[in-house]
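Presented below is the structure to which this report refers.
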Amino acid sequence: MSTTEAAPVAGLGFKGNDKALLGIVLGVLTFWMFAGTIGTIARSVLTDINGGLIDDVTDPFVNLNQMNLAVSITALFSGLFIVFFGGLADRIGRVRIAITGNVFGIVGSILIIFAKAGLALPLLLSGRAIQGLSAACIMPATMALVKTYWEGEARQRAVSMWSIGSWGGSGVAALFGGFVASTGNWRIIFYASVVVSIISILLIRGIPESKAPQTSHKKFDLVGLIIFMISVLALMIVLIFGRQMGWTAPSTLGLAAVALVGLAIFVLYEKRPENPFIDFKLFRNTIFTGATISNFLLNGTIGLLIVSQQMLQIARPELFDPWKAGLLTIGYAVAIIAFIPVGQKLLRAFGPRKPMIWGAMIVALSSILLMPTNLLVGQYTVLAVIAYALFGVGLGFYATPSTDAALSNLPAAHAGSGAGIYKMASSLGGAIGAALSLTIFTSFLGEGVTVVGELLHMQGIQSNVTVRQAGMVTMMFNLILALIAIISITVTIPKGKKYYD
C-alpha cells in the first residue's frame, strides 16, 4: 500500500470548496450518525421485527444475542477493511472509493429497511456488515481528499468539519436515533441515510480524482487480511453467542480454537510478507504501542453508552423509550464536539501524556457514575446525564493527543501504515468492547444470576433487579478498560513535550 501524502495525480489546479466539503462530511455522517443509532434503537428494532417478541430463546426471527452481533458487526467490518480500502483508494482513486463507500451505505441501509420477519436476520446482519464496509471506504478516502485539496487555514477548517462529522455524528447518534424511533418507525433513519448518501455522491463527483504517487508496486497482503478476519470473526461469535451455545460446547470450544490458533498463525505469517497487513515492527516503538492500545481500550468503553441506554429502556420502559433515553446523552454530544479543540490545546501546552491520562481518568469517572444502578431512577438519571457529558469530555481530551503520540514518532515512510493500524484499533476496539459489554449485560439478565444483588440493596422497584444488576456489572467492566488504558499510557508515553516540539 502506498502511504505517501503528496500532490494528486490529477486535479492539480483544484482547490477544495464548501460544496465538496459538504459532500465529504455527509458521507462521514452516514456511518457515525445514521449507522451509529443502532445501539440506542436496538430494542425498538428487535420488538418491531419480532412482532413484540424479544425473548432470548424462543424468538423465531432475531434474538438478543443476534441483535448484539448486529450492533457490533458494523464497527468490526470497518476495522477489518479500513486498511485495505485506504490502500485501494491510494492506488485507484480516493474519489472513486469514497463514492463506492456511499453506494455500500445505500445498499446496507436498504437491506436493513427490508429486514422483516422471515429474512430478518440475514438482511439485518448483511446490511450492518455492508455499512461497515461503507465506513472502511469513506473514512480513509475522504480524509486523504481533505489533505490533498485543502491547504493552510482552509485545511484546518476542513479537518475540523470532518472531525465534527465523525465525533459529532457519534455524539448525536443516540439522540437522533431515539427521536426517530419515538415516531414509531425506526426505518426512517435508514431511508434518510439513503438520501444523504445520494446527496454525498452528487457532491463528491465534482472533486477531481486523486491518487497517491506509486513509488512501488507492492501487493496488498490479502492472505494476512483473510487469516485475521476469520480469527476475529470466530472470536466475536464466541464472545456474543458463547452463553447461548454453552461455554463448554464443542462448537464454542472449536470456534475459540480457531480464533486463538488463527491469531497465532497471523502473527507468524505477518513476519514474512514484504508489505504486511499489520507491520508488527511498528510496535517496537513504545509510544506508538501505548497510544494504540489505549485507543483500542477507550474506544471499547462505548459499551457503557450502549448498555446504559438499553438498561434504562428495559428496566423502566414506561419512563424511557429510545427518545427519552437518548435525550440524556445530549451532554455527550455537546461535550465531545466542544472538547476536541481543548484536547489539541492541551497537547500543545503539556504534550500528549497528561491530556491522555486526564481523558482516560474522566472516562473512568463516567463509568463509576453509571455504576450505582441500585439507586432510585430519579437519582440515577441525574448521574447518567453527568456521566454522559463527562464521557464526551474525556474522549475529547484524549483524541488529538493520542493520535499525535501514535503517529508523530513514526518515520515518514511508516506514517501511512501506522495510521491504518491506529484507525483499525479504534474500530475493532469499539466492536469488541461493545460485544463484550453486551455479552456481559445479557448474561446477567437470566433468572437466578446474582452477584452484586446479594451485596447491595436495590432501591425502588424490585421486578427489574436483574436488569440493574447486569448494568452495574457491565459498568464495572468498562471501568476496568479505562483503568488499563491509564496504565498503558503511564508506562509508555513519556512525560513532558520534548518529543512533540
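The values are calculated or read from the model by the stated rules, or taken from the named source; none is laboratory data. Worth saying up front: this structure is predicted, and the values here are computed from it rather than measured. Cβ atoms come from the backbone with ideal geometry, glycine included; neighbour counts cover every protein chain shown.
Among the criteria (1) surrounded by fewer than 19 Cβ atoms within 10 Å (Cβ to Cβ); (2) within 24 Å of residue 424 (Cβ to Cβ); (3) outside the structural domain of residue 325 (by TED's automatic domain parsing), the one residue 237 does not fulfil is (1). In the range 199-248, the residue that is nearest to residue 93 (Cα to Cα) out of those that are among the basic types (Lys, Arg) and more than 26 Å from the chain's Cα centre (by Cα) is 211.
Across the range 284-322, the qualifying residues are those that are farther than 22 Å from residue 475 by Cα and in a helix (DSSP H, G or I), and the one among them that is modelled with the lowest pLDDT is 284. Beta carbons closer than 8 Å, at least 6 apart along the sequence or on distinct chains, never pair a first residue in the range 194-206 that is touching a residue at least 24 places away in the same chain (Cβ under 8 Å) with a second that is among the acidic types (Asp, Glu). Take the conditions (1) surrounded by fewer than 24 Cβ atoms within 10 Å (Cβ to Cβ); (2) assigned by TED's automatic domain parsing to the domain that holds residue 419; residue 310 misses just one of them, which is (1).
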